[in-house]
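In what follows, a structure is listed as structure tokens, so that the remarks can point back to it.
The values are calculated or read from the model by the stated rules, or taken from the named source; none is laboratory data. Quick caveat, the model's predicted, so the values are computed rather than measured. Heads up, the Cβs are rebuilt from the backbone with ideal geometry, glycines too, and the neighbour counts pull from every protein chain shown. Quick note on the areas: whole protein, heavy atoms, side chains included, nothing else; ligands and nucleic acids left out. Shrake-Rupley method; radii C 1.70, N 1.55, O 1.52, S 1.80 Å.
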Amino acid sequence: MNFIRGVMGGQQAGQQPSGAETIQKLCDRVASSTLLEDRRDAVRALKSLSKTYRTEVGTQAMDHLINILQTDRSDSEILGYALDTIYNIICNDEEEEQDEAGQKQADDLGAQFTDKFVEDPEHVTLLLTLLEEFDFHVRWPGVKLLTALLKNQGAQVQGIILVSPMGVSRLMDLLADSREVIRNDGLLLLQQLTKSNAAIQKIVAFENAFERLLDIITEEGSSDGGIVVEDCLLLLLNLLKNNSSNQNFFKEGSYIQRMKPWFEVGDDNSGWSAQKVTNLHLMLQLVRVMVSPVNSPGATASCQKSMYQCGLLQQLCTILMATGVPADILTETINTVSEVIRGSQVNQDYFASVNAPSNPPRPAIVVLLMSMVNERQPFVLRCAVLYCFQCFLYKNQKGQGEIVATLLPSTIDANSISAGQLLCGGLFSADSLSNWCAAVALAHALQDNLTQKEQLLRVQLATSLGKPPVSLLQQCTNILSQGSKVQTRVGLLMLLCTWISNCPIAVTHFLHNQENVPFLTAQISENLGEDERLVQGLCALLLGICIYYNDNSLENYTKEKLKQLIEKRIGKENFVEKLGFITKHELYSRAAQKPQPVFPSPEQMLFDHEFTKLVKELEGVITKAVHKSSEEEKEEEEVKKTLEQHDNIVTQYKELIREQDAQIQELKEQVATMSAQNEQMQTTMTQQLSQIQQHKDQYNILKLKLGKENQPNSQGDSTQVNGLQTEEVTQLREELEELRKQYTLLQTQLSDKDTLINSLRSETSQTAEGSAAESDNTELLKELEALRSQVQSQSAEINQMRTEREELLRRAEASSSDAAPSSDGSLDAAKMAELESRLAAQTAETERLKAEGKSSSDSRVELEQQLASTTSTVAILQTEKAKLQTEVQESKKEQDDLLMLLADQDQKIHSLKQKLKDLGETVDDEDDLDTRDQTDDDYEEEDEDED
């Protein structure tokens, strides 16, 4: 202000400068001063004058202030003054005390200066850059200024921010500011930024907005929090409403689960603050946004499933049945529960199982219906209960059956109040609103459910003492004919139209009452006032349904006779005109917009959302049915029959195709199985061919060897079997025979030892009583197993030596046989045949031994498994353990003796083999020895003859 006095000091005392002149001098000072302090003082003065002289400052100083923002970036103080000044020029919030005309002028002024500021998009970009400054005096006025710009010119500023690099990200950083005033004003800024702009909403959501906002709500105390919680919830509503992408992101991010703690109200529900009511109201709206009927069915079903699984639906039902909850919160909770269960079978079943905490417990549905038919309850609450009942029955045939069952004679319980009893009570009460609500609720129990329409025909009502009961259908028509209020008659007509549509049996029951058709024709043909036009249209619709769904079972009321009656009594054109009164009614279009019944007053509750769909579906077909002649109907019936026959033929072919598909699939599976078997057989055949080829190769090698050995060399060979060599061979045979006997004895002893070991094992298994000596028994069994393995290895070595001995004997026999004259071809052929037979026998014996070895291995593995299973639970008594150890020691000594004998045998066999090598003889198997002996005897006889 000293600077202002200095500026004004040049004037004479009686000539004070005007505000415009002062502002002009200040602007010149801002533009021309070279000192930063002078410019700062001038901007501070403009800020103080901006509220009083808003127009002058905005007109003269706007460009200079923007220039300050561009040039004096290093001084935060002058930047703050400039931002505050521009905010005062643009903002309209300071004009609260003005009248309506002044407020409108101020709004126009703010919009004018906003247009001037955003005329150059670089100014908004400059403002976004300044928001990166952490200095409080720059950031806070920048947030307020950008919020004011968005309020005045939201779409234009949103477009600039959207194309600005990292524009939205810079604004999201405001939520992380540690200074609450900036964070809170940042919430207001983001509210304005996300209004009606799906692209910015998506960017904000993917900038982790949900996580940050939910954290802030939790920090601020959830529903018990203050205005900050409200701002967060409003921002969440902006991000999620009508934005399927963000809704899916919210659900996939498991944020629905984090909403459950919001609705955990205590037992003491008294003293709810206004802020808590507002917060909880917004929270319920947020739940409804996720499951709104206008969303895609798949997304809604997924959210409903998540809300049930995380317990959110259960928490809402707890609030629903709690006491002391404010009326508006209870109403909104009922609407929220309605949309959470709408069309979800699992949620509807859960809601049907909820009981109110009363004595005795009553189902929540019954408690809610009691409020709906009670005329003392608030109107909005009754509408909410009706919506909840409609959502409970929406696509819920199971629930529809349960409601209708409470009206059937076999299920009525006189000691308890049921939903059917409440609906009938409301249907026939003196309150027209109760009549309408009960009729609509009962109509929803019949919606698209032919079975329940037929079941409801069984319901009988006792009207008064001494009179026979009448059916529910008849009672509805009786009340309709008594001329009650318009709202009551509209509700009953909607119920009757829903009941008999697409149900020929119900149409027959309705037409069976001789008074119904004359009443309808009389209502339609009369010229009544505006209020009765809707009733006439609904009567025309009901009569049209009787024509369209008539099965001609009643001779007096066939389709043709009803049409003739309309033509004579009403006139076809007049009938169609009266039918059109329904859709032309002003409340019809309002009810057709959304499922929830929302009406300004009870008198305007005339149409139901689902009924508008029925009218739209039937109006055209009824008009055509009324205008059609009998010949056209016959043609249509013939066409229908033809189509039915065609459909039957198509169905038969479909069944045939299904059977053929099943057969083809079965054959494919068989082909696949046979192909696998074929491949397996091919593999087996390849292996067998390979084995055969190996045998052939071995046979050819033996054949070649025999061919070489059969060459004439008898003299040299005969010398090897004469004299001393023959005697040595005989001696060798005897020794080998003795070795064979010893070997047999050893094998017998080994068998005895195996039997002893097996008996020891069985005794060990039978005498096991504890686990005290488990480790000692394990060591003992290991020693037994080691002994057995040694015996088996020695046995294998003996078998190998036996095989080698037999091979040596066979070669010796072959050498002896070569010494005889073999010029005869038949003898060679016989030998070849014998060799081939021996080869075949050897092959068979080899296969047999392999099989026996495999079975032995399997049995050994089985024994090992049995032994392992017994060692886990065995416990040997101490006395028997000593006995076993003694026997094992004895068997070990015997095994050592056997090993010594085997070593001696091995040494003898080795020495015999060496002698045979020295003599140049080869030793064959035992079977060949007998043949060799016979041959040697023949040779000796021949030698004696020659001598």
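Listed by chain and number, the lysines whose C-alpha is less than 16 Å from the C-alpha of Lys696, apart from same-chain residues fewer than 8 away, are Lys705. Among Lys485, Lys892, the sequence by solvent-accessible area, most first, with a 1.4 Å probe is Lys485, Lys892. Close amide H contacts of Asn355 (hydrogens built in the peptide plane, cut-off under 5 Å, sequence separation of 5 or more or a different chain): Ala364.
Candidate cross-link partners of Lys395 among the lysines, defined by an alpha-carbon separation under 28 Å and a same-chain spacing of 8 or more, comprise Lys241, Lys251, Lys260, Lys305, Lys453, Lys594, Lys613, Lys616.
Work out the P(r) tail for the stretch 410-504: percent of alpha carbon pairs separated by more than 15 Å, whole number. Write down the numbers at each step before the final one.
Details: 2726 of 4465 pairs.
Across the stretch 410-504, Cα pairs with separations above 15 Å total 61 percent.
About its Cα centre, the dipole of the stretch 271-430 is roughly 180 debye, where the only charges are +1 on Lys and Arg Cβ and -1 on Asp and Glu Cβ. Sorting Ser32, Ser254 on solvent-accessible area from highest to lowest, probe radius 1.4 Å, gives Ser32, Ser254.
Quick one: ranking Lys51, Lys563, Lys116 by accessible area, 1.4 Å probe, largest first, what do you get?
Numbers: Lys51 130, Lys563 10, Lys116 70 Å².
Output order, biggest surface exposure first: Lys51, Lys116, Lys563.
As a fraction of the 1.4 Å probe accessible area of the stretch 398-536, surface on carbon and sulfur atoms comes out at 52 percent. Taking the Cα centre of the stretch 179-337 as the origin and placing charges on Cβ (Lys, Arg +1; Asp, Glu -1), which of Ser273, Ser196, Gly311 is farthest toward the positive end of the dipole? Of the options given, the answer is Ser196. Counting only protein heavy atoms and using a 1.4 Å probe, the accessible area of Glu133 comes to about 70 Å². Considering only Cα-Cα distances, which of the following residue pairs are longer than 29 Å: Lys741/Lys893; Lys485/Lys628; Lys151/Lys276; Lys202/Lys584? Over 29 Å Cα-Cα: Lys485/Lys628; Lys202/Lys584.
Between rounded, prolate and oblate, where does the stretch 138-178 land on the alpha carbon gyration tensor, with a ≥ b ≥ c its root eigenvalues, rounded for a/c under 1.5, else prolate if a/b exceeds b/c?
On the way: a/c = 2.50, a/b = 1.26, b/c = 1.98.
Note, shape of the stretch 138-178 comes out oblate.
Of all lysines in the structure, the ones whose alpha carbon falls short of 22 Å from that of Lys654, not counting any fewer than 8 places away in one chain, are Lys640, Lys641, Lys668. For the stretch 274-382, dividing the convex hull volume of the Cα atoms by the residue count gives 110 Å³ per residue. Using a probe of 1.4 Å, the accessible surface attributed to Met370 totals some 70 Å² when neighbouring protein chains are kept in position.
Compactness check for the stretch 208-325: Cα Rg over 2.2 N^0.38 Å is 1.03. Solvent-accessible area of Tyr548, all protein chains in place: 90 Å² (probe radius 1.4 Å, heavy atoms, ligands and nucleic acids excluded).
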